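Peer 1: First the structure, then my questions, so here it is.
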Amino acid sequence: MITIFLCCLAGYVWTYQYLNFSEPPEKSDAVVLFVGPEQEQRLKEAHQLMHEGYADTLIIPAYQQVFVMSDGQAVKTSLPNLSRSYIKKYPAFYENTHIEVLEARNMMEKLGLRSAIMVSAPWHMRRINIISSHVFNPEQFQGRCVGSRFLRSERFLLSFSLSDLKIVVTEAVKIVYFIAYEVVV
């Protein structure tokens, strides 16, 4: 019984560390923000990256919104040919994050952008990285995945909570689900 518990604990620790993925940001054409829980901290990271000069355009594919920096502020821009089209266009079994990555690619293509910093919660970045590697052509697009610094746990032991366990299991299942339907389709 103790052996099973220790194996489960080791699996949880490994999965938690695997999911918490973040790369250092690089100067890019845009910051792409993925929506979800703790949205305020995700948005704060996107704005911080823009204020630090990494990009001057913010794309929120889930809402089909584009913002550009103007006098130190992110200002919403109305751009033609950007419409919320994914509702009818994607198969019902596609995961929301997959749809957001596809919409980010469509929006970036329409805007003529070739590089982006993807921003979300740190535990969500591994899945975004995996999906992005299937969606974007690496010869035409450069991307970085940056987990919000405002959501990172300062101490590893804080990751042992019921809510973190739920996040780890859910993200792992969603990664397997994405890989499974990518192979089948």
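The values are calculated or read from the model by the stated rules, or taken from the named source; none is laboratory data. Just so it is clear, the model here is predicted, and its values are computed rather than measured. All Cβ positions, even for glycine, are placed from backbone atoms using ideal geometry, and neighbour counts span all protein chains on display. Remember, those area values only see protein heavy atoms, side chains included, never the ligands or the DNA or RNA. Shrake-Rupley method; radii C 1.70, N 1.55, O 1.52, S 1.80 Å.
Peer 1: Please give the net charge around CYS145, taking every other residue with its beta carbon less than 10 angstrom from that of CYS145, where Lys and Arg add +1 and Asp and Glu add -1.
Peer 2: +2
Peer 1: Could you work out the local net charge near MET69, counting Lys and Arg as +1, Asp and Glu as -1, over the other residues with Cβ closer than 15 Å to its Cβ?
Peer 2: Net charge around MET69: -2.
Peer 1: At a 1.4 Å probe radius, which order do VAL169, VAL135, VAL184 fall into by accessible area, largest first?
Peer 2: VAL184, VAL169, VAL135
Peer 1: Ignoring everything except DSSP H segments at least 4 long, calculate the 222 nm mean residue ellipticity for the chain; use -39,500 (n - 2.57) per segment, divide by total residues, nearest 500.
Peer 2: That comes out to -15000 deg cm²/dmol.
Peer 1: Report which label in (i) 21.9; (ii) 19.4; (iii) 17.4 holds the value of Kirkwood radius over Cα pairs in Å derived from the coordinates of this structure.
Peer 2: Computing Kirkwood radius over Cα pairs in Å and matching it to (i) 21.9; (ii) 19.4; (iii) 17.4 gives (iii).
Peer 1: To the nearest 10 Å², what's CYS8's accessible area with a 1.4 Å probe?
Peer 2: Looks like 90 Å² after rounding.
Peer 1: Could you look at the chain and say what percent of its accessible area is carbon and sulfur, using a 1.4 Å probe and all protein chains?
Peer 2: 58
Peer 1: GNM on the chain, C-alpha springs below 10 Å: top fluctuator among GLU100, GLU139, GLU171?
Peer 2: In this elastic network of the chain, the residue with the biggest mean-square fluctuation among GLU100, GLU139, GLU171 is GLU139.
Peer 1: With +1 on the Cβ of every Lys and Arg and -1 on the Cβ of every Asp and Glu, and nothing else charged, how large is the dipole of the chain about its Cα centre, in debye rounded to the nearest 20?
Peer 2: So the magnitude is around 280 debye.
Peer 1: Amide H to amide H, which residues 5 or more places from ARG114 or on other chains are under 5 Å from it, using H placed in the peptide plane?
Peer 2: It is ASP29, by chain and number.
Peer 1: Taking H placed 1.01 Å from N in the peptide plane, check which residues at least 5 places from GLN65 or on another chain put their amide H under 5 Å from its amide H.
Peer 2: Amide H neighbours of GLN65, under 5 Å, 5+ apart: ILE60.
Peer 1: Here is a further query. Taking θ as phi - 60°, what are the ³J(HN,Hα) couplings along region 21-26 by the Karplus curve (6.51, -1.76, 1.60), each to the nearest whole Hz, with x for Gly and Pro?
Peer 2: 10, 7, 10, x, x, 10
Peer 1: Over the chain, average the accessible area per residue using a 1.4 Å probe and give it in Å², no decimals.
Peer 2: Ligands and nucleic acids excluded, the figure is 57 Å² per residue.
Peer 1: So, one more: Roughly how many debye, to the nearest 20, is the charge dipole of region 10-50 about its Cα centre, given +1 on each Lys and Arg Cβ, -1 on each Asp and Glu Cβ, and no other charges?
Peer 2: That gives region 10-50 a dipole magnitude of about 60 debye.
Peer 1: Expressed as a rounded percentage, what relative contact order does the chain have, with Cα pairs under 8 Å and six or more residues apart?
Peer 2: Reported as a whole number, the value is 29 percent.
Peer 1: Follow-up question, since we're still on this one. List every DSSP H helix in the chain whose Cα atoms extend 30 Å or more along the helix's own long axis and whose mean Kyte-Doolittle hydropathy is at least -1.0.
Peer 2: Qualifying helices: 162-184.
Peer 1: Say the cut-off is 24 Å between C-alpha atoms; which of LYS27/LYS89; LYS89/LYS166; LYS89/LYS110 go over it?
Peer 2: In this structure, LYS27/LYS89; LYS89/LYS166 exceed 24 Å between Cα atoms.
Peer 1: Picking from ILE117, ILE167, ILE99, which is most flexible by a Gaussian network model of the chain using Cα springs under 10 Å?
Peer 2: ILE167
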